[in-house]
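To start, the structure itself, in structure tokens.
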Amino acid sequence: MKEEKADVVVIGAGLTGLTIAYLLRDHDVNLKILEAKNRVGGRIFTKLSNNNTTIDLGATWIQKPHTHLLNLLAELNVEIFQQKIGSSAIYEPNTFSKGQYVNLPPNNEPSYRVKGGTISILNTLLKYTAPSTLFFNQKVKSIERHGSKLQVTTATSSFATNKVISTLPPYLFANSINLSPTLPENVNDVLQSTHTWMGESIKAGLVYDNPFWKTENFTGTIFSNIGPVIEFYDHSNFEESTFALKGFIKDELASLTKESRLEMILNQLRKYYGDQVNTYLSYEEMVWRADNTTTLPYKNFVLPHQNNGHPIFQEPYFDNQLLLAGTETAASFGGYMEGAIRSAEFVTEHILKYLQLV
Ligand SMILES: Cc1cc2nc3c(=O)[nH]c(=O)nc-3n(C[C@H](O)[C@H](O)[C@H](O)COP(=O)(O)OP(=O)(O)OC[C@H]3O[C@@H](n4cnc5c(N)ncnc54)[C@H](O)[C@@H]3O)c2cc1C
């Protein structure tokens with residue numbers, strides 16, 4: 001077992017984890033970030049597909065109220081562009097009616113995408129993170145108190161530290177990491193009923209060399225109450241040099257095979273676009289429910305956003321040595337990328353005070 005030392009251990013190299021590292025970049029803090037996967041980003045996952053087409057299979061859209069995220073993107077020179085939705089869409093209201101073409105009202109709440117895909121945010125944050133800080137394939141199994149230190153253990157390494165910041169979705173934290181001592185019962189109860197945003201979702205995208213879905217009024221927008229596709233949008237890049245359709249398909253299809261989901265999607269799209277849909281260059285998808293470093297099956301019924309931003313997340317534990325961070329813990333915008341940034345800002349302030357660096 002490899003033994004390491006750190007002032008602060010951050011668990012998870014998603015948007016929260018790498019933003020904490022970025023905010024601490026000018027401070028003398030021995031920081032180690034432990035990541036279970038072999039990549040950064042967590043729920044931000046941009047797949048590089050055929051023809052260098054980027055498909056965002058996790059977080060994609062940013063809106064104007066996401067001010068902390070937008071400020072960070074401006075500071076990092078990461079550019080965004082407006083999501084096209086067109087003035088008309090395909091709408092499938094129910095199983096009894098045929099799909100319809102409907103006019104869309106003016107969009108007062110436009111959404112924005114990141115140029116180069118959402119992963120560009122993480123790739124830019126990485127430029128400010130010393131490679132020696134990041135440890136991949138290090139799934140944390142336990143956090144134990146030994147004297148005045150916390151011991152964070154993975155399958156191959158052990159890290160002695162003064163402070164641990166978890167950025168895991170709280171439900172995952174409570175059900176995948178052994179703690180000694182344990183958290184107070186009321187805190188554990190909240191963790192056990194905190195929703196992991198988008199943990200149940202399936203995102204799917206089709207890459208084409210010809211954007212046949214774009215006409216004068218249509219940009220490929222589909223809203224369907226039937227599915228398999230329930231929400232689809234144009235996912236061509238900013239430069240309009242790569243073309244794709246991408247969106248959400250029904251969560252219930254998680255138990256099918258990838259081939260079956262693809263066939264169902266093509267059948268649905270064929271109703272509107274004919275056999276052109278068969279000319280796809282690649283099909284990409286991510287079934288988030290199957291990713292046990294994002295979510296695990298709930299023990300009890302949990303509503304979307306339940307307990308996101310709960311006051312227990314604003315408190316430190318283990319005598320100030322353990323903080324629960326990550327988007328679901330943010331006092332506002334919990335679940336969204338905006339929440340991840342706010343959470344990173346909140347815990348960074350705490351770390352700096354604790355280490356008496358401010
Ligand atoms: C399909 C989908 C669509 C979304 N769409 C949007 C959107 O359009 N707009 C928006 O604002 N947000 C969206 N989100 C939410 C957004 O992705 C999250 O708010 C944000 O990425 C959360 O970042 P985080 O760092 O807090 O958590 P995470 O990204 O979950 O990061 C946690 C990290 O911890 C790692 N980890 C887990 N267990 C361990 C362990 N035991 N040891 C070490 N590491 C571990 C994980 O691998 C992961 O890298 C979407 C999410 C999904 C899944």
Subset of K98/K203; K5/K163; K203/K246 violating a 18 Å alpha-carbon distance limit: K98/K203
Square roots of five times the Cα gyration tensor eigenvalues for the chain, Å: 39, 21, 18
Förster radius 51 Å - calculated FRET efficiency between K258 and D28 (Cβ-Cβ, nearest 0.05): 0.60
Relative contact order computed over the chain (Cα-Cα under 8 Å; 6+ residues apart), in percent: 22 percent
Cα radius of gyration and Dmax for segment 1-113 (Å): 20.3, 64
Diffusion coefficient, µm² s⁻¹, Stokes-Einstein with Kirkwood Rh over alpha-carbon pairs of segment 254-358 at 25 °C and 0.890 mPa s: 140 µm²/s
Euclidean distance of C-alpha centroids, segment 57-101 and segment 169-227, integer Å: 16 Å
Spin-label proximity, E345 to segment 292-332 - amide N less than 17 Å from point 7 Å beyond Cα toward beta carbon: 309, 314, 325-332
Rounded to whole Å, sorted largest first: equivalent-ellipsoid semi-axes of segment 193-326, Cα gyration tensor: 37, 17, 13
Sorted peptide list for 136-142, 244-250, criterion being average Cβ within 10 angstrom, highest first: 244-250, 136-142
Gyration tensor (alpha-carbon) shape descriptor, segment 178-221, a/c threshold 1.5: prolate
More than 18 angstrom apart: percent of Cα pairs within segment 1-63: 50 percent
Shape parameters for segment 57-204, alpha-carbon atoms, Rg then Dmax in Å: 21.7, 68
Pairwise FRET efficiency - K149 versus E79, Cβ, R0 = 56 Å, nearest 0.05: 0.85
Mean Cβ neighbour count within 10 Å, used as a protection proxy, ranking 10-21, 99-110 highest first: 10-21, 99-110
Dipole in debye (nearest 20) - the chain, about Cα centre, beta carbon charges: Lys, Arg +1; Asp, Glu -1: 420 debye
Alpha-carbon Rg/Rh ratio, for segment 126-219, with Rh computed the Kirkwood way: 1.20
Ranked by how many other beta carbons lie within 10 Å on average, peptides 204-212, 262-270, 54-62, 126-134 from highest: 54-62, 204-212, 262-270, 126-134
At 1.306 mPa s and 10 °C, Stokes diffusion of segment 190-264 via Kirkwood alpha-carbon radius, µm² per second: 113 µm²/s
Segment 72-139 shape via C-alpha gyration tensor axes, a/c threshold 1.5: oblate
Overall Cα dimensions of segment 227-288 - principal axes, largest extent first, Å: 36, 27, 19
N267 versus N225: modelled label distance in nm, points set 7 Å from Cα along the beta carbon direction: 2.1 nm
Pairwise centroid distance, computed over Cα atoms, of segment 292-345 with segment 113-131, Å: 23 Å
Estimated D of segment 115-173 in µm² per second, where Rh is the Kirkwood radius over Cα pairs and Stokes-Einstein applies at 37 °C, 0.692 mPa s: 238 µm²/s
Distance violations [Cα-Cα > 30 Å] among K64/K258; K37/K115; K32/K258: K64/K258; K32/K258
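All of the numbers you see were taken from the coordinates with simple rules; none came from a lab. Remember, predicted model here, so these are calculated numbers, not experimental data. Every residue, glycine among them, receives a Cβ derived from its backbone with ideal geometry; neighbour counts consider all protein chains shown.
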